[in-house]
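The values are calculated or read from the model by the stated rules, or taken from the named source; none is laboratory data. As the structure is a prediction and not an experimental result, all values here were calculated from the model. Reconstructed Cβ throughout: ideal geometry from the backbone, glycine too, with neighbour counts over all protein chains shown. Note: areas computed on protein heavy atoms with side chains; ligands, DNA, RNA excluded. Shrake-Rupley method; radii C 1.70, N 1.55, O 1.52, S 1.80 Å.
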Amino acid sequence: MKYGFLGCGNMGGALAKALSKATKDILITDRSGKAKHLAEELGLRYASGEEIVRECDRIFLAVKPHMMEELLAPLRPQLRQRRPVLISMAAGLTVAQIEQMAGGDLPVIRIMPNTPVAVEQGMTQYCHNVLVTEDDLRSFLEDMRFSGRLDELEERLMDAASAAAGSSPAFVFMFIEALADGAVAAGMPRAQAYEFAAAAVAGS
């Protein structure tokens, strides 16, 4: 299976890094061109959006929710023709909304990953529509094995899970920073303070 990433910011880049440990058959693109460096680093191919839709069997939609309509509108004819599996990580957008924006009944997997996928410690929730076959899902989960844990969830619970696992690493980082700040204020070197605070969180 060939994968594509339409958009490749922090979260998309973390997923591309995890997926690249299972396959190098990945094309990525973004609006700014910054993802070219990631492509070089991971040994992937940087391509246009049109090339990704034309060539890829599974496509990650890795843009912010408010950009999804603009991303998919010009690609609808190709998407309807090729019918790739679309994998959306856009917070708050339902499977039905992705289908509508993509222009019809297409197989859609909705995921909510977190940035620890980049170090094989992710917690990713997913749901999907009936057009995703068992074989599609099985091989997708196998290819994503280096991202960490993936659990299926009813779509109505995706937003709650996003708060518990999707956004929470940012708060953990702030907590570690605050612990380190306290230690530094008491005289500890910052590098050592970070190490102690991070080790305590990891062990907990």
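Computed quantities for the displayed model
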{"read-out": "Residue match in region 13-27 (condition: of a type outside the set (Val, Ile, Thr), touching a residue at least 40 places away in the same chain (Cβ under 8 Å) and more than 25 Å from Gly166 (Cβ to Cβ))", "value": "no"}
{"read-out": "Condition broken by Lys36, with the remaining ones in (1) touching a Phe, Trp or Tyr at 6+ places or on another chain (Cβ under 6 Å); (2) buried (at least 23 other Cβ atoms within 10 Å of the Cβ); (3) without any contact (Cβ under 8 Å) to a residue 40 or more places away in the chain satisfied", "value": "(2)"}
{"read-out": "Matching residues, region 103-129, being assigned to a helix (DSSP H, G or I) and either modelled with pLDDT of 95 or more or among the acidic types (Asp, Glu) (or both)", "value": "none"}
{"read-out": "Lone unmet requirement of (1) within 16 Å of Leu19 (Cβ to Cβ); (2) of a type outside the set (Val, Ile, Thr); (3) at pLDDT below 95; (4) touching a Ser or Thr at 6+ places or on another chain (Cβ under 7 Å) for Pro169", "value": "(1)"}
{"read-out": "Residue within region 43-58 that is within 13 Å of Lys2 (Cα to Cα), in a helix (DSSP H, G or I) and acidic (Asp, Glu) present", "value": "yes"}
{"read-out": "Selection from region 1-34 of residues that are among the aliphatic types (A, V, I, L, M) and either in a helix (DSSP H, G or I) or out of contact with any helix residue (DSSP H, G or I) (no Cβ under 9 Å at 6 or more places or on another chain) (or both)", "value": "Met11, Ala14, Leu15, Ala16, Ala18, Leu19"}
{"read-out": "When residues of region 85-102 are limited to those that are open to solvent by 30 Å² or more (accessible area, probe 1.4 Å) and in a loop (DSSP other than H, G, I, E, B), the one nearest to Val172 (Cα to Cα)", "value": "Ala91"}
{"read-out": "Scan of region 180-202 for residues that are in a helix (DSSP H, G or I), at pLDDT 95 or above and open to solvent by 70 Å² or more (accessible area, probe 1.4 Å), ordered by number", "value": "Ala185, Arg190, Ala191, Gln192, Tyr194, Glu195, Phe196"}
{"read-out": "Residues within region 48-74 that are surrounded by 20 or more Cβ atoms within 10 Å (Cβ to Cβ) and over 22 Å from Arg156 (Cα atoms), tallied", "value": "7"}
{"read-out": "Matching residues, region 122-159, being within 17 Å of Gly92 (Cβ to Cβ), touching a residue at least 40 places away in the same chain (Cβ under 8 Å) and open to solvent by 30 Å² or more (accessible area, probe 1.4 Å)", "value": "Glu155, Asp159"}
{"read-out": "Condition met for Ser162 (surrounded by 13 or more Cβ atoms within 10 Å (Cβ to Cβ), under 28 Å from Ile26 (Cα atoms), polar (S, T, N, Q) and at pLDDT below 95)", "value": "yes"}
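Yes/no per residue for (1) closer than 25 Å to Leu19 by Cβ; (2) out of contact with any helix residue (DSSP H, G or I) (no Cβ under 8 Å at 6 or more places or on another chain):
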{"site": "His128", "(1), (2)": "yes, no"}
{"site": "Ala164", "(1), (2)": "yes, yes"}
{"site": "Ala180", "(1), (2)": "no, no"}
{"site": "Ala193", "(1), (2)": "no, no"}
{"site": "Ala200", "(1), (2)": "no, no"}
